[in-house]
Amino acid sequence: MSARTGIAWSAAGAVAAILLAALWAFPLLWALSTSLRPELETVSNQFHWLPRHWTVDAYTRTLGAGNVVRWLVNSFVVALGVTVLTMAISLMAAYAFSQLRFRGRGLLFGVAMLGFLLPFEALLVPLFRTMNQLGLINSYAGIILPQVVSPVVIYVFKQFFDAIPADFREAAVIDGAGPLRVLWSVYLPVSGNIVWAMAIVTFIAAWNNFLWPFIIVTSNDMMTIPLGLTQTYDAFGVRYAQLMAAALLGAFPVALAYVAFQRRVTQGFLAASGLKG
Amino acid sequence: MASVRLRGIRKHYGDNPVIKGVDLDIEDGQFVVFVGPSGCGKSTLLRMIAGLEDISAGTLELGGVVSNAVAPSRRGIAMVFQSYALYPHMSVYENMGFALKLAKVPKAEIRERVTHAAAILQIEHLLDRKPKALSGGQRQRVAIGRAIVRKPEVFLFDEPLSNLDAALRAQTRVELARLHRELGATMIYVTHDQVEAMTLGQRIVVFNAGRIEQAGTPLELYQRPANLFVAGFLGSPRMNFLKATLVSGEGGLAVVRLAGGATVGVAANGAHARTGAGVTLGVRPEHLRIAGPDGGGIAGRLALVEYLGDVTLAYVQVEGADGMVAVKCHGKAGLPALGSRVSLGFEAGAGYLFDEDGAALPAA
């Protein structure tokens, strides 16, 4: 390939990348643009890319009216709770399936992996009944507990642990470490990036989860932000600026978390795929 | 320090037996080497002593205490792995002090023991480094240091030198021997390298197919191998074997006839085999002399010569031999041209005879 052809391909690639990025970014930028307009301008017949009158009214109204701050706090508590518990349960399960030898290990792992085949929607009714019987409707525990078992995360961790030389575990056992200590002091630090990657993915999934909170929560005070957004719509009517402001406020913490841990997430997925980071 | 006593030790994975009944006594402070070919069970037995593998049957005593069901960390053992198994996220200091930290030893004592072990191994300057910043030899020292700080009753080494280059291996062998003298600890060392076994071991245990073939001092095993396997396993190049028939075995001199028709005398008690029985004659390469075709003895043809500097290895084709017969010579003077007919001779006391089952006939 000549140098000129190479440059042409690079330029074409760059243009394609810019177009794709614009395509991805457009809805977000449009939401931002809408949220910074007066409500009247959002329903105007005239189309403008940018607000004609810039204002943060939609944000102040959203934060002042409704229950957005409360919903954000709820989302944070739920997402953090789901993430911590999912990581703890998945790490212990994966370590047991990968490193411990006990009767029925293969069968149990197979049963755990059957979770892949069951859509969450199919479990809604039995889970709701169980939570109801436990008196956990409209509680953090009721929102969090059904989300904390993730076959995918268990599978990813098990695959990763399988690839760690058994000598590390055996050396730690001789050093006097029990299974939990081996997991905490040896396997967890060695698997740092993949744990971070799974934690971020779990956090985002829990933050964005709409269906289960929609089923289990009826109290406005216990709503998470995706659920609350529907209430915003109901409360304000078709108020596009406020709706966009609420949506952006809801998405902001997740985006911030992803940006903060982007490098770890990328390295984690590279490690999980067997590619060198 | 502690003695190690194995009685009727067996190990099987499902229906597959791996260790088929091992009885062994290792004295306090002894350096014992388990040696044998790959898959003979030596590492499995070491792991059973460490507690990393369950014992299917038999009794393991460490320091006089039955330890079959004792947790690895409570057996008073420390193990150096072939891969070193240094925790990659911990510094050398943390690696060496990890066991003590788990045992809740005070920090000051951990520091004292780690720095003492580091001084013994001359790795004080490496204590802040991570394993990835160490060379193979340095990692090996850290792995040994990690074992030393625990002050174990018994050190277990699982082929610890196999990842090092030849020069470093030789140097580390010397250091391990020094370490054993200084610590006076009981050490069990697994290797498939007979040079390591011969140089390090006060006692060598030769394994084959899950059984002990012979145990003894290096010289005992070398000079009085119990059977064909041990005779062939120890020594480089290995002992030469020639098919023969026992002609007579009286007066402390057994006379055998080789496949080529030559008869030779061996200082062995031929009374243990019947006259006319098939036997195997064994002669080590360093005990063979090479002469012209009229020199008498075993006739053959010189096929190959290897000059190794200090010694020369001549390979001779001999009828009835198990492969080519190796002869270790000093210097290259006096060797006939390749392809020449030669004759091989040896002192009667330097030969070995093995019966049809491979067991050595006792020396006269």
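The values are calculated or read from the model by the stated rules, or taken from the named source; none is laboratory data. What you see is a predicted model, and the numbers here were worked out from it, not measured in a lab. Glycine gets a Cβ as well: all are built from the backbone with ideal geometry, and neighbour counts include every protein chain shown.
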Give me the pairs, please: first residue somewhere in the range B:124-142 and more than 12 Å from residue B:95 (Cα to Cα), second residue anywhere and of a type in the set (Gly, Ala, Ser) and part of a helix (DSSP H, G or I), beta-carbon distance under 7 Å, and either six or more positions apart or on two chains. B:124/B:118
Look at the range B:81-96 and say how many of its residues are within 10 Å of chain A (Cβ to nearest Cβ), in a loop (DSSP other than H, G, I, E, B) and of a type in the set (S, T, N, Q). 2
If you go through B:309, B:261, B:295, the only one that is over 15 Å from residue B:240 (Cα atoms) and either charged (D, E, K, R) or in contact with a strand residue (DSSP E or B) (Cβ under 7 Å, 6 or more places away or on another chain) (or both) is B:295
Go through (1) in contact with a helix residue (DSSP H, G or I) (Cβ under 7 Å, 6 or more places away or on another chain); (2) within 13 Å of chain B (Cβ to nearest Cβ) for residue A:178 and report which single condition fails. (1)
Just to be sure I understand the filter: pairs with C-beta atoms under 9 Å, separated by 6 or more residues or on different chains, first member in the range B:157-177 and surrounded by 15 or more Cβ atoms within 10 Å (Cβ to Cβ) and at pLDDT below 90, second member of a type in the set (Asp, Glu) and not in a helix (DSSP H, G or I). Which pairs pass? B:161/B:193; B:169/B:193
Tally the residues that are crowded, with 21+ Cβ neighbours inside 10 Å and either at pLDDT below 90 or on the phi > 0 side of the Ramachandran plot (or both), restricting the search to the range A:213-228. 3
For the range A:25-52, which positions are at pLDDT 90 or above and among the aromatic types (Phe, Trp, Tyr)? A:26, A:30
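For (1) of a type in the set (A, V, I, L, M); (2) free of Cβ contacts under 8 Å to residues at least 40 places away in the same chain; (3) out of contact with any strand residue (DSSP E or B) (no Cβ under 7 Å at 6 or more places or on another chain); (4) in the same structural domain as residue B:266 (by TED's automatic domain parsing), each residue gets a yes or a no:
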site	(1), (2), (3), (4)
B:300	no, no, no, yes
B:303	yes, yes, no, yes
B:313	yes, no, no, yes
B:320	no, no, no, yes
B:324	yes, yes, no, yes
B:330	no, yes, yes, yes
B:340	no, no, no, yes
B:348	yes, no, no, yes
Every residue from the range B:236-254 that is surrounded by fewer than 18 Cβ atoms within 10 Å (Cβ to Cβ) and either not basic (Lys, Arg) or not in a strand (DSSP E or B) (or both): B:236, B:237, B:238, B:245, B:247, B:248, B:250, B:251, B:252, B:253
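Can you tell me which residue within the range B:97-125, out of those that are part of a loop (DSSP other than H, G, I, E, B) and among the aliphatic types (A, V, I, L, M), is farthest from the other protein chains (Cβ to nearest Cβ)?
Of everything passing the filter in the range B:97-125, B:123 is farthest from the other protein chains (Cβ to nearest Cβ).
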Could you list, ordered by first residue, the pairs with Cβ atoms under 9 Å in which the first is in the range B:198-224 and not assigned by TED's automatic domain parsing to the domain that holds residue B:42 and the second is surrounded by fewer than 18 Cβ atoms within 10 Å (Cβ to Cβ) and modelled with pLDDT of 95 or more, at least 6 apart or interchain? none
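Residue by residue, here is whether (1) part of a loop (DSSP other than H, G, I, E, B); (2) buried (at least 20 other Cβ atoms within 10 Å of the Cβ) holds:
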| site | (1), (2) |
| --- | --- |
| B:25 | no, no |
| B:29 | yes, no |
| B:32 | no, yes |
| B:39 | yes, no |
| B:43 | no, yes |
| B:46 | no, yes |
| B:55 | yes, yes |
| B:60 | no, yes |
Which condition does residue A:192 not pass, out of (1) touching a Phe, Trp or Tyr at 6+ places or on another chain (Cβ under 7 Å); (2) in contact (Cβ under 8 Å) with a residue 12 or more places away in the chain; (3) within 12 Å of another protein chain (Cβ to nearest Cβ), if it passes all the others? (1)
